[in-house]
Amino acid sequence: MDIFMTFLFVGISVIVLTYIPIIGPYLSIFHTLVHESGHALAAVVTGGKVKSISLFKNTEGLAATSNHKFGLFITSIAGYPFASVIAVLIMYVIRNEWYSGLGIVLLIFLTLSLVFWVRNSFGVFWIISMFIMAYFLWSHDANQVIAYILTGFGFILLVQAMISCCQVFIISIKSPESAGDASILARLTYVPASFWGFLFLIQGLLFFVLGCAVWLGYNPFLNTIMN
């Protein structure tokens, strides 16, 4: 049953993200915020500054940061792996049915993002809409619905993290100058964008498999860390 449910959730996530207009892109913004937050946190850790994070309705995002060259390298490489790692951790939390804790953490994350980083109008609107949805569910004591929604968000993040890595790899081959983080890394290191796109692809696929394994209960590494 767990394997069937895994394929079901993954399949639904792919269909929603790929084929359903408005709803798919709207839910994908969650991955965008996590990805851009990875850049922002890396900038802060390496001594840089975060000017703002912008979220756009076409699911693209931008973290405006300033840093020294090495810090810029770490900041540029951090987005895709950060989203993948967060997706796996959320799958672990969902597997253990820690829904209340996950909901609180996500609300804190959204609050901090709104207060310190997100500045464009659509980004602010999107976060506020998440608060409204959370308040509506909480006020109606819809605990089971909340559990389903958090599970859905977990799978959407897991799938979107993998899909975005596939996309940046393809773009890094077809149009190296337009491959986002891979292009920035190419300019910083003089290593082709396709190389960085390939690294993003490999880590994205590995973390996707790990996330599915965690959901199925095959997580000895994470059990060691968490316990």
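The values are calculated or read from the model by the stated rules, or taken from the named source; none is laboratory data. From a predicted model like this one, the values you see are computed outputs, not experimental measurements. Backbone-built Cβ (ideal geometry, glycine too); neighbour counts: all protein chains shown. Areas reflect the complete protein model, heavy atoms only, side chains present, ligands, DNA and RNA absent. Shrake-Rupley method; radii C 1.70, N 1.55, O 1.52, S 1.80 Å.
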Problem set entry | Residue satisfying all of: in the stretch 154-185; under 17 Å from the mean Cα position of the chain (by Cα), of a type in the set (A, V, I, L, M, F, W, C) and surrounded by fewer than 20 Cβ atoms within 10 Å (Cβ to Cβ); farthest from CYS212 (Cα to Cα) among these | CYS166
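Can you tell which of PHE131, PHE116, PHE207 is among the aromatic types (Phe, Trp, Tyr), under 17 Å from SER28 (Cα atoms) and at pLDDT 90 or above? Outline the logic, then answer.
Values: PHE116 fails: under 17 Å from SER28 (Cα atoms); PHE207 fails: under 17 Å from SER28 (Cα atoms).
After ruling out the rest, the residue left standing is PHE131.
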For this session: Six or more apart or on different chains, Cβ under 7 Å: which pairs go from a residue in the stretch 41-68 that's without any contact (Cβ under 8 Å) to a residue 60 or more places away in the chain and part of a strand (DSSP E or B) to one that's charged (D, E, K, R) and open to solvent by 80 Å² or more (accessible area, probe 1.4 Å)? Could you list them?
Result: ALA64/LYS51; THR65/LYS49; THR65/LYS51; SER66/LYS49; SER66/LYS51
Exercise. Where in the stretch 93-200 are the helices (runs of 4 or more DSSP H), entirely inside, with at least 2 residues that are touching a residue at least 60 places away in the same chain (Cβ under 8 Å) and among the charged types (D, E, K, R)?
Worked result: none
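Being of a type outside the set (Lys, Arg) and open to solvent by 40 Å² or more (accessible area, probe 1.4 Å) is true for just one of LEU102, LEU72. Which residue is that? Let's see the steps before the verdict.
Details: LEU102 fails: open to solvent by 40 Å² or more (accessible area, probe 1.4 Å).
Answer to the check: LEU72.
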Exercise. What is the number of the single condition among (1) in contact with a strand residue (DSSP E or B) (Cβ under 7 Å, 6 or more places away or on another chain); (2) open to solvent by less than 40 Å² (accessible area, probe 1.4 Å) that ALA87 does not meet?
Worked result: (1)
